[in-house]
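A short worksheet on the structure shown next.
The values are calculated or read from the model by the stated rules, or taken from the named source; none is laboratory data. What you are looking at is a predicted structure, and each value in this text was computed from that prediction instead of being measured. Using ideal geometry, Cβ is built from the backbone for each residue, glycine included, and neighbour counts are taken over all protein chains shown. Each accessible area value is taken on the protein alone, full model and side chains, heavy atoms only, with ligands, DNA and RNA left out. Shrake-Rupley method; radii C 1.70, N 1.55, O 1.52, S 1.80 Å.
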There are 2 protein chains.
Amino acid sequence: MARVNLERRAAIGEAKRARTRAAILEAARACYAAPEPVSATVDAVTQAAGVAKGTFYLHFRDLPALEAELGETLIAELSERLEPARLAVVNPLTRMATAVTILLRDLAAAPAQARLAARAAVMLPDVAKAVQARLRGDLADAQAAGLLAVGSVDLAVRIVVALVEQASSLFSTSRIDATAIPDIVRAVLRAMGCPPGDAANRTNEAALNADAFAQRTSAVTGVVS
Amino acid sequence: MARVNLERRAAIGEAKRARTRAAILEAARACYAAPEPVSATVDAVTQAAGVAKGTFYLHFRDLPALEAELGETLIAELSERLEPARLAVVNPLTRMATAVTILLRDLAAAPAQARLAARAAVMLPDVAKAVQARLRGDLADAQAAGLLAVGSVDLAVRIVVALVEQASSLFSTSRIDATAIPDIVRAVLRAMGCPPGDAANRTNEAALNADAFAQRTSAVTGVVS
DNA sequence: TTTCAAATTGACCTTATAGTCATTCTGACA
DNA sequence: TGTCAGAATGACTATAAGGTCAATTTGAAA
């Protein structure tokens, strides 16, 4: 009887395995983004993915492990979405305003994504941390340039995060729509210390920047049902 | 054998009953205000109260029913704490700033109370609604007086709530202390549309108002361990 | 067509929590 | 001091969720 090539054999299942793993991740995204909070359980995820419960544990140690991976994906997507525009804007406050505008537009356009983001910010500290790191950089620059009225950069970061998270939560429940975005961005800038007129100007500039970098939205938001 | 007076008999246990009920409510407060989020379960509450599980169900239909009652108590306490100062301030934005200052000072002084408030705002929508009703009144007045840069009163309310909730959460984890309060109040006022200088003036005025109404703090915050 | 390592399955176990109820305890009154 | 309605108890059931594993299915290679 002919010998079986074990290494070859070991590679056979990889495609199938990868497909199942992706299905579980995708189902988890859908669960976390569901309109009424489906409690994110292993049973719910596996049922949504159409696989048996045991299969879950072949691919992830437990639910937190899956959440961590999902979080990394979200961070990568956010980064890919925001960095190009951020790199193109020199003034730190306008840069921050541009990123906030793009982010809020995406969230307004995709409530499911907004729900996912809102929950990720609460449940996945790493996602929040990664976003805040960039924000902290911008605000530290602003402080160095004498543009920041808030005493500590850390507090300024918290203020921006609070406003964006609130907006995200309002988008996710459709209590506001995209037309409120400039109002929110102006409020963020004013909170940072911009005089009202200056805040309005920067918000307009941020909107133009966001227009210029508006391509590829679907690549990010199209994934979630 | 002498007859027993049944109506009289029915009233016998009332004091005992009321004491047990109060103990359960108090234990629930402690659970919700615990440093690391003790999951609020019937078992946890009854154990903290030193009563058997069945006793809980003699006094409350279920956990949501207890939470609703706890929420009403919190609303009443907040109202008692904030209304006197609010009634004394004429300008709506300064009134709002005064209320925010008093609230944040209380929360800074009592982390357990801050934790309770932070969780109540998320878990007990009625508490949040009641507070927001007052806030909405102030901000509607401000809009009528042309003091509001935010387009909709509703959005303005959300912005203030977001900032106060973020602050509450930071107090509850001791990531900021009371010295940050003026910074936060100024940021709130600026977000509403006050020019930076005006925001600073109103914040100072609010601090003086808060000083004047600083009595009785212990009556509110002393309850929670 | 047969083989077999890997992938998958789902019944089963464990733990945590909600909620019930027959039984026991308590204490003011007769 | 004995009575007994009401208060309290805690063992009990039911359910939901995490996690395991012996048995079954899959599919490329032989």
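Which of the lysines could a cross-linker bridge to residue B:16, judged by Cα under 21 Å and excluding same-chain residues fewer than eight apart?
B:53
Put the label 7 Å from Cα along Cα→Cβ for residue B:65; what are its distances to the other copies, in nanometres, shortest first?
4.3
Counting Lys and Arg as +1 and Asp and Glu as -1, each charge on the Cβ, what is the dipole of region B:14-126 about the Cα centre in debye, to the nearest 20? Walk me through the numbers on the way to the answer.
Numbers: 13 positive and 13 negative charges, 33 e Å.
For this selection, approximately 160 debye.
About the Cα centre, and with charges only on the beta carbon of Lys, Arg (+1) and Asp, Glu (-1), how big is the dipole of region A:71-221? Nearest 20 debye, please. Intermediate values should be presented prior to the final figure.
Working: 15 positive and 15 negative charges, 39 e Å.
Taking the Cα centre of region A:71-221 as origin, the dipole is about 180 debye.
Please list, in order along region B:122-128, the HN-Hα scalar couplings obtained from phi with the Karplus expression 6.51 cos²θ - 1.76 cosθ + 1.60 (θ = phi - 60°), rounded to whole Hz, x for Gly and Pro.
My calculation for region B:122-128 gives 7, 8, 10, x, 5, 5, 4 Hz in order.
Give the distance, in whole Å, between the Cα centre of region B:193-216 and the Cα centre of region B:111-147.
Cα centres, region B:193-216 to region B:111-147: 18 Å.
Angle check, please: helix B:92-109 long axis (alpha carbons) against the longest principal axis of chain B (alpha carbons), in degrees 0 to 90, nearest 10.
50 degrees
For the Cα atoms of chain A, what angle does the longest principal axis make with the long axis of helix A:196-212, in degrees from 0 to 90, nearest 10?
Helix A:196-212 sits roughly 40 degrees off the main axis of chain A.
By its C-alpha gyration tensor, with a ≥ b ≥ c as the square roots of the eigenvalues, how is region B:73-221 shaped: rounded for a/c under 1.5, else prolate for a/b larger than b/c, else oblate?
Rounded, since a/c falls under 1.5.
Taking the Cα centre of chain B as the origin and placing charges on Cβ (Lys, Arg +1; Asp, Glu -1), which of B:157, B:74, B:206 is farthest toward the positive end of the dipole?
Going by the Cα projections, it comes out as B:74.
So what are the ³J(HN,Hα) numbers for region A:175-183, from phi and the Karplus equation (6.51, -1.76, 1.60; θ = phi - 60°), rounded to whole Hz, Gly and Pro as x?
Once θ is set to phi - 60°, the couplings for region A:175-183 become 7, 9, 10, 4, 5, 7, 4, x, 4 Hz.
Given a 1.4 Å probe, show me the residues in region A:176-217 buried by at least 40 Å² of accessible surface when comparing the whole protein assembly to the chain alone.
A:183, A:190, A:191, A:196
Using 0.36 nm per residue, how much length does the chain from residue B:214 to residue B:152 gain when fully extended, once their Cα-Cα distance is taken away? Mind dumping the intermediate values first?
Numbers: separation 62, 0.36 × 62 = 22.32 nm, distance 3.25 nm.
Extra length available between residue B:214 and residue B:152 comes to 19.1 nm.
Which listed residue (B:181, B:59, B:42) has the Cα farthest towards the positive end of the charge dipole for chain B, taking +1 on Lys and Arg C-beta and -1 on Asp and Glu C-beta about the Cα centre?
Value: B:59.
Rg and Dmax in Å for region B:9-60, alpha carbons only: what are they?
12.0, 44
Please list 3J(HN,Hα) in residue order for region B:44-60, calculated via the Karplus relation 6.51 cos²θ - 1.76 cosθ + 1.60 where θ = phi - 60°; whole Hz, with x for glycine and proline.
Here the 3J(HN,Hα) series is 4, 5, 5, 5, 5, 7, x, 10, 7, 4, x, 4, 3, 6, 6, 10, 9 Hz.
By the gyration tensor of its Cα atoms, with a ≥ b ≥ c the square roots of the eigenvalues, what is the shape of the protein assembly as shown: rounded for a/c under 1.5, prolate for a/b over b/c, or oblate?
Oblate, because a/c is 1.5 or more while a/b does not exceed b/c.
Please compute, for peptide A:145-154, the average count of beta-carbon atoms on other protein chains lying within 10 Å of each residue's beta-carbon.
For peptide A:145-154, the averaged partner shielding equals 3.
Using the Cα centre as the reference, give the magnitude of the dipole from point charges on the C-beta atoms of the protein assembly as shown (Lys, Arg: +1; Asp, Glu: -1; all else neutral), rounded to the nearest 20 debye.
The calculation lands at about 1020 debye.
So what's the Cα pair-distance distribution over region B:105-193, bin width 5 Å, in %?
Using 5 Å bins, I get a P(r) of 3, 15, 23, 22, 19, 13, 5, 1 for region B:105-193.
How would region B:83-138 be classified by its alpha-carbon gyration tensor: rounded, prolate or oblate, with rounded meaning a/c under 1.5 and the a/b versus b/c comparison settling the rest?
On the way: a/c = 3.05, a/b = 1.42, b/c = 2.15.
Here region B:83-138 falls in the oblate category.
Using the 7 Å Cα-to-Cβ label point, sort the distances from residue B:205 to its equivalents in the other copies shortest first and give them in nm to one decimal.
Ordered by increasing distance: 3.3 nm.
First measure r as the distance between the Cβ atoms of residue B:174 and residue A:19, then evaluate 1/(1 + (r/R0)^6) with R0 = 51 Å and state the FRET efficiency to the nearest 0.05.
0.60
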